[in-house]
1. Specify which residue in the list Thr142, Val177, Gly126 is farthest towards the positive end of the charge dipole of the stretch 101-233, using unit charges on the beta carbon of Lys, Arg (+1) and Asp, Glu (-1), about the Cα centre.
2. Could you sort 81-87, 175-181 so that the peptide with the highest average Cβ count within 10 Å comes first and the rest follow in order?
3. Helix 235-251 versus the longest principal axis of the chain: what is the Cα-based angle in degrees, 0 to 90, to the nearest 10?
4. Please turn the phi angles of the stretch 102-107 into ³J(HN,Hα) values with the Karplus equation 6.51 cos²θ - 1.76 cosθ + 1.60 (θ = phi - 60°), one per residue in order, whole Hz, x for glycine and proline.
5. For the full complex of protein chains and a 1.4 angstrom probe, list Leu202, Leu156 by accessible area with the highest value first.
6. Which trypsin sites (Lys or Arg not before Pro) in the stretch 92-149 pass both tests, a DSSP loop state and at most 16 other beta-carbon atoms within 10 Å?
7. If you take every DSSP beta bridge fully contained in the chain, what fraction is antiparallel? Give it as a percent rounded to 5.
8. Can you give the angle from 0 to 90° between the axis of helix 150-159 and the longest principal axis of the chain, with both taken from C-alpha atoms, to the nearest 10?
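The values are calculated or read from the model by the stated rules, or taken from the named source; none is laboratory data. Just so we're clear, the structure is a prediction, and the values are computed from it rather than from any experiment. For neighbour counting, all protein chains shown are included, and Cβ atoms are generated from backbone atoms with ideal geometry for every residue, glycine included. Side chains are part of the model used for accessible areas, which takes the heavy atoms of the whole protein and leaves out ligands, DNA and RNA. Shrake-Rupley method; radii C 1.70, N 1.55, O 1.52, S 1.80 Å.
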Amino acid sequence: MQVYGLVGSPVEHSLSPPMHEAAYEELGLDARYVTLEPDADRLDEAFAGADALGVAGLNVTVPFKQDALAHVEPSPTAEAVGAINTIDFGPETPVGYNTDVSGVTRSFAHHDVTIDGSSAVVVGAGGAGRAAAYALADTGATVHVANRTVERATELATTFSEFGVTGAGLGSLESTVPDADLVVNATSVGMEEDASPVPAALLHEDLAVLDAVYAPLETRLLRDAAAVGATTIDGAWMLLYQGVEAFERWTGETAPVDVMNDALRSHL
Ligand code: NAP
């Protein structure tokens, strides 16, 4: 039996176990997906132990995505983003991937939204913001990052300066969103309260809006966007496609995307 899992804190309510186990069942794979919460100061032991025990692969989530990078051979994409969310232990050195990047690009592709040549605004400069900014810029979008803490936005813009990414505070939404084609909410705003990080008056019908928040599925931002006729993409799509890439890297099989999507959405 192959063992996969998710390392983070907290992870008890994660939707990854049902999503991945539905795929194992569909393809008849003898595999399990478990959730693990290691001590933050024993991450190196946790990964070495998992490797020694023959764990095949791990997803990594908050708060370990950045720290985990030091324990693996990062893929070029993971190195560029500066964080990983997937480890393939494989036969040699564990390799770290950032599948949040394809989570973003495939979410737009699934909704027939073209990234290349577009003008995109990413709200948020944490882990999801970094992955989204990289994903969009690397696919040919002109990207602006707006973040509550201005320094984090400008730091991110500096990191991705080769792509011409710009960064500023949330006040910059006023001048950027009206002319944008894409907006990604990569903040946690909308999770705990019925609030949106983007003033509704700035939204317009030519936008495609991806909200990384998936609980609730229908956030205030997506409701506001739908009200003006914009294309809306909920956070479960991003969660689905980051899981699809992880599954395919681990198993070498084509992921049963519809089965994973159904399993995920039935738990939301
Ligand atoms: P993170 O690294 O902790 O970053 C949090 C971000 O949210 C920062 O930019 C922070 O701004 C901003 N923020 C928090 N509270 C805010 C507020 N009240 N007003 C304005 N900005 C605020 O977290 P993360 O890993 O990037 O995750 C961000 C969100 O994306 C979470 O909701 C997470 O669940 C979601 N996510 C979804 C997926 C998916 O597959 N759907 C994948 C990854 C993450 P400051 O820098 O100013 O603190």
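1. Farthest towards the positive pole: Gly126.
2. Values: 81-87: 26.7, 175-181: 16.9.
Ranking the peptides 81-87, 175-181 by packing returns 81-87, 175-181.
3. Here the helix axis deviates by roughly 30 degrees.
4. Running phi through 6.51 cos²θ - 1.76 cosθ + 1.60 with θ = phi - 60° gives 6, x, 6, 5, 6, 5 Hz.
5. Numbers: Leu202 25, Leu156 0 Å².
Per-residue accessible area, sorted high to low, gives Leu202, Leu156.
6. Values: sites: Arg106, Arg130, Arg148; in loops: Arg148.
Taking the stretch 92-149 and a limit of 16 other Cβ atoms within 10 Å, the loop trypsin sites (Lys or Arg not before Pro) found are Arg148.
7. Working: 6 of 37 bridges.
The antiparallel fraction comes to roughly 15 percent.
8. 70
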